[in-house]
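Take a look at the structure below.
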Amino acid sequence: MPLYQLVTAARSDPDRDWFKSKYIALLQCTLTVVTTVVCWAVALYNGHVKVWPIPMISHCGVYPPEKYIFSIGLVCAAALMFMFIWIVETAGKIYSSRTTAWVLGFPCSIGLMVLAVCNCEEEPTLHYIGAISYFVGFAIWCLLCSFKELSVSDVKSTVWIVARQVLSLAALWFTIGLGIFMGLGYDEHPSEVAICEWSAVLCAELYILTFYFDLGDTYFVENVQEVDNCNQLNFDDECEGKCHLLSV
């Protein structure tokens, strides 16, 4: 059986549609928020941080036992972010070139993983390189995608597109504020730095959460994307009309 018939048959198999793509967005958002809040609570309980000034998220993952929760939770969240970016790219829910995804999207998920593994006390250089990759990369990726967004249903504007535009601007605003106050000195502006950091993360996670509602029940992790030009897939002459290409 030719390859295009195999993948078409796979698409028609309902047993393959077992995990909806929207749950990746929900899991990523939930895991990131729960991890940071739990780490803050554990660090506060153990006297490693204070209620005021508000600690930076990074400071909530320096000492045991919270540092183990911090590393494991955010590494898993980084893996889900990588998958999330791949899913929304292939689902056609956003505009993004391959260059945008590889230069901004995927590196920000790697940055999240690096900052989770290398805490700010033991490996400050690697931690802050990861933090810059995550905050700056994701803020710009969100901005570029949101203002050139495509809707699968050919609707020019939806509530989720507008919400993502607002959240992307807010995330960029807080990321810029984070950079400015860090540049002015954390010791002089600890509360401002922490507020900007927590707010930037919250905006980023709410941005991701919008896809839980926007992807709905029609997209699956084992999604299939239609390709009009069969020659792109190097199929034989038996291929007529549209071919089906498996994508993540």
TODO: Give the residues of segment 107-117 that are under 11 Å from the mean Cα position of the chain (by Cα) and either charged (D, E, K, R) or open to solvent by 10 Å² or more (accessible area, probe 1.4 Å) (or both), sorted by residue number.
DONE: Pro107, Ile110
Task: Selection from segment 198-236 of residues that are more than 22 Å from Cys145 (Cβ to Cβ) and modelled with pLDDT of 90 or more - done: Trp198
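Residue by residue through segment 37-57, note down the ones that are in a helix (DSSP H, G or I), open to solvent by 10 Å² or more (accessible area, probe 1.4 Å) and of a type outside the set (Phe, Trp, Tyr).
Val37, Val38, Ala41, Val42, Leu44, Ile57
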- [ ] Could you grab the pairs with beta carbons closer than 9 Å, sequence gap of 6+ or different chains, first residue in segment 31-53 and farther than 13 Å from Pro64 by Cα, second one loosely packed, with under 15 Cβ neighbours inside 10 Å?
- [x] Thr35/Ile72; Trp52/Ser191; Pro53/Ser191
- [ ] Find the residue count for segment 47-92, including only residues that are under 15 Å from Phe138 (Cα atoms) and touching a His at 6+ places or on another chain (Cβ under 6 Å).
- [x] 0
- [ ] Return yes or no: is Thr125 part of a helix (DSSP H, G or I) and within 20 Å of the chain's Cα centre (by Cα)?
- [x] no
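The values are calculated or read from the model by the stated rules, or taken from the named source; none is laboratory data. Model, not experiment: these values are computed from the prediction. Cβ atoms come from the backbone with ideal geometry, glycine included; neighbour counts cover every protein chain shown. Just the protein is used for accessible areas: all its heavy atoms, side chains included, with ligands, DNA and RNA removed. Shrake-Rupley method; radii C 1.70, N 1.55, O 1.52, S 1.80 Å.
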